[in-house]
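Student: Just dropping this structure here.
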Amino acid sequence: MAVKISQIQVFVCSPGRNFVTVKVTTEDGTTGIGDATLNGREMAVVSCLEQHIAPCLIGKDAQNIEDIWQYLYKGVYWRKGPVNMAAIAGIDMALWDIKGKVAGLPVHQLLGGKSRTGVTLYAHGSGQCIDSTLSKAEHLINQGFRAVRLQTAIPGLTATYGVLGDKKDYFELQGNRPLPPEEPWCTQKYFSVVVELFRQARKRLGEEVHLLHDVHSRLTPIEAARLGKLLEPYHLYFLEDAAIAENQNSYQLIRHHTTVPLAIGETYNTLWECKDLIQHQWIDFIRTAATHAGGLTGLRKITEFANVFDVRIAPHGAPDLSPVCFATHLHINIWAPNFGIQEFVGLDNPQLNEVFTHDIRVENGMALPSDLPGLGISFNEDAAKKYPYKRSYLPVSRLEDGTMWHW
Ligand code: CS2
Ligand code: MG
């Protein structure tokens, strides 16, 4: 018996930073939510959903998730891209949420159940210097995290990716940028500190804890290969975004020079964009996020393909992905045979938890997905009204001579 879609609503709110949330309602009153946040281009996704996608879906059977995904992916003709795929993602997550509620099962049970007791997380350790970065890492390890990403300020640069500076959290750092801030980059200055960071980290934190690092696409392939070789003595869990994602072949070159495990994927929107990396095993972890890769359906396609080639998933979990995306990742992470690790930037922001309510538990560096039917997370529309959208941008990056670079 069909469960027809009767309404699609899109909410944009800013409880600390902008989020785009999709709500799908069916004729019998069942509702589901999804994340469609595209940092810095949120309103493009809102328009895509409201002006182009929603009118096509009213009256369609909400149970047919795969057919709706194919309809939205192939039907647009101008397929792929971050705006299209974030819009599809919001709808897709909401439909999985509805399917779980109708079945009375959490989404991970619809996927095939649990493959592990919990989802291992990696937390963010950063600081204005190596000492403060490692102090933050020690604090996280004492909280039970067994994996920590380390990012430290680069001496001589006024700002560094992944470092809070004088801000108390990512929301304060990233939530209010009416125009794109310009941040400097200098590879030579970066090399002067990054290897020393991990030398000192192993000395102070020991050999057990998993250490990770995000290069954020700043290096050329041969520079990335050099960094990988220099970091081998400190056995990182992975080195992320060593070079830009557009050139998959770059990772063949990097792979040729170093055994450091490589991760990439947060900017990919479809399997086609990363299939060479996976099938040639040029990487070890694929980082695509449900919100950017067409929802749980899109992320599952990538996950299953990666499993064939021993590539594990390490879903993106930045502060610009909403708790709805994080909840969705926990369902796929607890099920996936090739789950690796999940990025975690915290869920303890009061404004965020006023808008997104859930029962996700984080204990001893692991997260447990909800066992409530569906995704196990709710969106409070009245609370969302207290935090209206305000345009905000990601920074741009320039070399010290003014050349535009990769932020
Ligand atoms: C970063 C992200 O978490 C990460 O690995 O690459 O924080 C990224 O900078 C943001 O998602 C960009 O919006
Ligand atoms: Mg990253």
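Student: With a 1.4 Å probe and all protein chains in place, put H257, H280 in order of accessible area, largest first.
Tutor: Working: H257 75, H280 95 Å².
From most accessible down to least: H280, H257.
Student: What does the accessible area per residue of the range 1-83 come to in Å², with a 1.4 Å probe and no ligands, DNA or RNA counted? Each step should come with its number before you reach the end.
Tutor: On the way: 3710 Å² over 83 residues.
I get 45 Å² per residue for the range 1-83.
Student: How many angstrom lie between the C-alpha centres of the range 342-400 and the range 157-219?
Tutor: So the separation of the two Cα centres works out to 22 Å.
Student: Using heavy-atom solvent-accessible surface (probe 1.4 Å) with all chains present, what is the largest-first order of S370, S192, S378?
Tutor: Values: S370 5, S192 85, S378 60 Å².
My answer, sorted largest first, is S192, S378, S370.
Student: If DNA, RNA and ligands are ignored and the probe is 1.4 Å, what is the ranking of L179, L253 by accessible area, most exposed first? All intermediate terms of the calculation are to be shown ahead of the outcome.
Tutor: Values: L179 120, L253 65 Å².
From most exposed to least exposed: L179, L253.
Student: Diagonalise the Cα gyration tensor of the range 130-199 and give the resulting equivalent ellipsoid semi-axes, square root of 5 times each eigenvalue, largest first, whole Å. Can you show the working numbers first?
Tutor: Details: eigenvalues 101, 70, 14 Å².
Semi-axes from the Cα gyration tensor: 22, 19, 8 Å.
Student: OK, next. Quote the convex hull volume per residue of the chain, based on C-alpha atoms, as a whole number of Å³. Can you show the working numbers first?
Tutor: Numbers: hull volume 53.3 nm³, N = 407.
Considering the Cα atoms of the chain, their hull volume per residue is 131 Å³.
Student: Provide the per-residue ³J(HN,Hα) series for the range 246-255, in order, calculated from phi with Karplus coefficients 6.51, -1.76, 1.60 and θ = phi - 60°, each as a whole number of Hz, with x at glycine and proline positions.
Tutor: Ordered by residue, 3J(HN,Hα) equals 5, 9, 4, 4, 3, 6, 5, 5, 4, 4 Hz.
Student: As a check on your grasp of the helix formula, calculate [θ] at 222 nm for the chain: sum -39500 (n - 2.57) over DSSP H runs of n ≥ 4, divide by the residue count, round to the nearest 500. Each step should come with its number before you reach the end.
Tutor: On the way: 15 runs with 147 residues, N = 407.
Taken over the chain, the calculation gives -10500 deg cm²/dmol.
Student: Still on this structure, please answer the following. Hey, can you find the accessible area per residue of the range 93-248 for me, probe 1.4 Å, expressed in square angstrom?
Tutor: Working: 6550 Å² over 156 residues.
Per-residue accessible area for the range 93-248 comes out at 42 Å².
Student: Right, something else. Check which residues have an amide H placed less than 5 Å from Y389's amide H, if you skip close sequence neighbours.
Tutor: HN-HN under 5 Å from Y389: S14.
Student: First obtain the Kirkwood hydrodynamic radius of the range 1-66 from its Cα pairs, then insert it into the Stokes-Einstein equation at 4 °C and 1.567 mPa s, and state the resulting D in µm² per second as a whole number.
Tutor: Using the Kirkwood radius from Cα pairs, D works out to 104 µm²/s.
Student: Which log10 I(q)/I(0) values, to two decimals, does the range 5-109 give at q = 0.12, 0.19, 0.23 Å⁻¹ under the Debye formula with one point per Cα?
Tutor: Normalising to I(0) and taking log10 leaves -0.36, -0.90, -1.25.
Student: Give the accessible area for W335 in Å² (nearest 10); use a 1.4 Å probe, count only protein heavy atoms, and leave out ligands, DNA and RNA.
Tutor: Counting only protein heavy atoms, W335 exposes about 30 Å² to solvent.
Student: Turning to a different aspect of this structure: Given a 10 angstrom Cα cut-off, can you work out which residue in L239, L231, L330 is the most mobile in a GNM of the chain?
Tutor: L231
Student: Express in Å², to the nearest 10, the accessible area of R17 obtained by rolling a 1.4 Å probe over the protein heavy atoms while all chains stay in place.
Tutor: The accessible area of R17 comes to roughly 10 Å².
Student: Counting only protein heavy atoms and a 1.4 Å probe, tell me what percentage of the chain's accessible area is made up of carbon and sulfur. Walk me through the intermediate numbers first.
Tutor: On the way: 8360 of 16280 Å².
It is 51 percent, rounded to a whole number.
Student: Over the alpha-carbon set of the range 269-407, work out the extent along each principal axis and list the three values in angstrom, largest first.
Tutor: Computed over the Cα atoms, the extents are 48, 48, 29 Å.
Student: With all protein chains present, calculate the accessible area of V102 using a 1.4 Å probe and round the result to the nearest 10 Å².
Tutor: Per-residue accessible area (V102): approximately 90 Å².
The values are calculated or read from the model by the stated rules, or taken from the named source; none is laboratory data. Just so you know, these numbers come straight off a predicted model, no measurement behind them. Note: areas computed on protein heavy atoms with side chains; ligands, DNA, RNA excluded. Shrake-Rupley method; radii C 1.70, N 1.55, O 1.52, S 1.80 Å.
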